[in-house]
Amino acid sequence: MKNYRLYLLFVFMSLCIQAKAQYLRDYTGRPYYLKTNDGTQGSALLTDNWLNGTVNFANGKTANAILNYNIYGDELLFKSPQDSSIQAFVDPIKSFSLKDASIEACDITDVSFSSGFPAVDEQTAKTFYLVVGEGKTKLLKCYKKKVIESKDFSSQITTKTFTTTNSYYLFANNQMTKVKPSQKAMLVAMNDKADKIQEYVKANKVDFKSDVALAKLFSYYNSL
């Protein structure tokens, strides 16, 4: 019996080692220095907490990791499973998703970010967008972080603060169009199905300030 228990323990430990080795082979990273002590108030990151997520690489591979998105640097980061150090991915990333995320100005908790869209405004094809509306016509949300400097006239001390902004884009026919999340703008964008969209908006009392409601609206539109 003792030998059998030792055998089971050995098998269990071997499986754990293999699983960890496979986990580490799924992706590689490089050390990343995230400035946290330069006096800038706020955070460059998407969320206060690091979250479980899934990464889809450009080469078709997928991996699970503890993630956070550096909005200011437009770079996805992960915590090393070995020592929890912050690292950046080496391989190009196509998209990633986060579970139970609490994001500023967004009521969707399980979120997906994608890149590879046409360059527009200050964004490039490598920019990550939060995908609000899925389907043939997509509604994308672009987050930006800027550092604002302000000075207290009484002390002449300059304070740096991260501020978060966001903007919405329609992706259709391989084109990006900036759009406001309002009933008027959405009806114009969906004018080929305007009658049905108006009926849906009225029947469901769509809140255009809610990403959850916008996601449902685009799901309906793309189903027509």
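Would you confirm whether any residue within segment 149-157 is basic (Lys, Arg), part of a strand (DSSP E or B) and at pLDDT 95 or above?
Of the residues in segment 149-157, the ones basic (Lys, Arg) are 151.
Restricting the remaining residues to those that are part of a strand (DSSP E or B) gives 151.
Pick out the ones that are also at pLDDT 95 or above and you get none.
For segment 149-157, residues basic (Lys, Arg), part of a strand (DSSP E or B) and at pLDDT 95 or above: absent.
Kindly provide the set of residues from segment 35-48 that are under 15 Å from GLU104 (Cα atoms) and surrounded by 12 or more Cβ atoms within 10 Å (Cβ to Cβ), ordered by number. Break it down stepwise before answering.
Pass one, segment 35-48, residues under 15 Å from GLU104 (Cα atoms): 42-48.
Across segment 35-48, the qualifying residues are GLY42, SER43, ALA44, LEU45, LEU46, THR47.
Considering only strands (runs of 3 or more DSSP E) fully contained in segment 45-129, which possess at least 1 residues that are farther than 17 Å from LYS144 by Cα? Walk me through how you get there before you give the answer.
On the way: elements: 51-57, 62-70, 75-79, 86-89, 93-98, 111-114.
Output list reads 51-57, 62-70, 75-79, 86-89, 93-98.
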Just need a number here: residues in segment 80-110 that are acidic (Asp, Glu), more than 24 Å from ALA58 (Cα to Cα) and in contact with a strand residue (DSSP E or B) (Cβ under 6 Å, 6 or more places away or on another chain). 1
Residue count, segment 164-195, condition basic (Lys, Arg) and in a loop (DSSP other than H, G, I, E, B), comes to 1
Criterion: out of contact with any helix residue (DSSP H, G or I) (no Cβ under 9 Å at 6 or more places or on another chain) and closer than 29 Å to PRO31 by Cβ - qualifying residue of SER154, SER84, SER150: SER84
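Please go through segment 120-142 and pick out each residue that is aliphatic (A, V, I, L, M), over 19 Å from ILE103 (Cβ atoms) and in contact (Cβ under 8 Å) with a residue 24 or more places away in the chain.
Kept after step one, since they are aliphatic (A, V, I, L, M), are these residues of segment 120-142: 120, 125, 130-132, 139-140.
Okay, now just the ones that are also over 19 Å from ILE103 (Cβ atoms), so 120, 125.
Matches in segment 120-142: VAL120 only.
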Can you pull out the residues in segment 79-102 that are farther than 20 Å from GLY116 by Cβ and in contact (Cβ under 8 Å) with a residue 40 or more places away in the chain? SER80, PRO81, GLN82, SER85, ILE86, GLN87, LYS99, ASP100, ALA101, SER102
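Of all residues in segment 49-64, which are of a type outside the set (Ser, Thr, Tyr) and surrounded by fewer than 16 Cβ atoms within 10 Å (Cβ to Cβ)?
Filtering segment 49-64 for residues of a type outside the set (Ser, Thr, Tyr) gives 49-53, 55-61, 63-64.
Hits for segment 49-64 are ASN49, ASN52, ALA58, ASN59, GLY60, LYS61, ASN64.
So for segment 65-72 (the condition being buried (at least 17 other Cβ atoms within 10 Å of the Cβ) and more than 25 Å from THR163 (Cβ to Cβ)), does at least one residue qualify?
Looking only at segment 65-72, we keep the residues that are buried (at least 17 other Cβ atoms within 10 Å of the Cβ), and these are 65, 67-72.
Subsequent filtering for residues that are more than 25 Å from THR163 (Cβ to Cβ) retains 65.
Yes: one or more hits.
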Conditions (1) farther than 16 Å from ILE71 by Cβ; (2) loosely packed, with under 14 Cβ neighbours inside 10 Å; (3) in the same structural domain as ILE108 (by TED's automatic domain parsing): number failed by LYS138: (2)
For LYS145, only one of the following conditions fails: (1) of a type in the set (D, E, K, R); (2) touching a residue at least 12 places away in the same chain (Cβ under 8 Å); (3) in contact with a helix residue (DSSP H, G or I) (Cβ under 7 Å, 6 or more places away or on another chain). What is its number? (3)
Do you know which residues across segment 150-186 are surrounded by fewer than 15 Cβ atoms within 10 Å (Cβ to Cβ) and without any contact (Cβ under 8 Å) to a residue 12 or more places away in the chain? SER150, LYS151, ASP152, PHE153, SER154, SER155, GLN156, ILE157, THR158, ASN173, LYS184
Can you tell me which residue in segment 196-224 is farthest from THR109 (Cα to Cα), limited to those that are part of a helix (DSSP H, G or I) and of a type in the set (S, T, N, Q)? GLN198
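The values are calculated or read from the model by the stated rules, or taken from the named source; none is laboratory data. Computed from a prediction, not measured in an experiment: that's the story for all the values here. Positions of Cβ are generated from backbone atoms using ideal geometry, with glycine treated the same way; all protein chains shown enter the neighbour counts.
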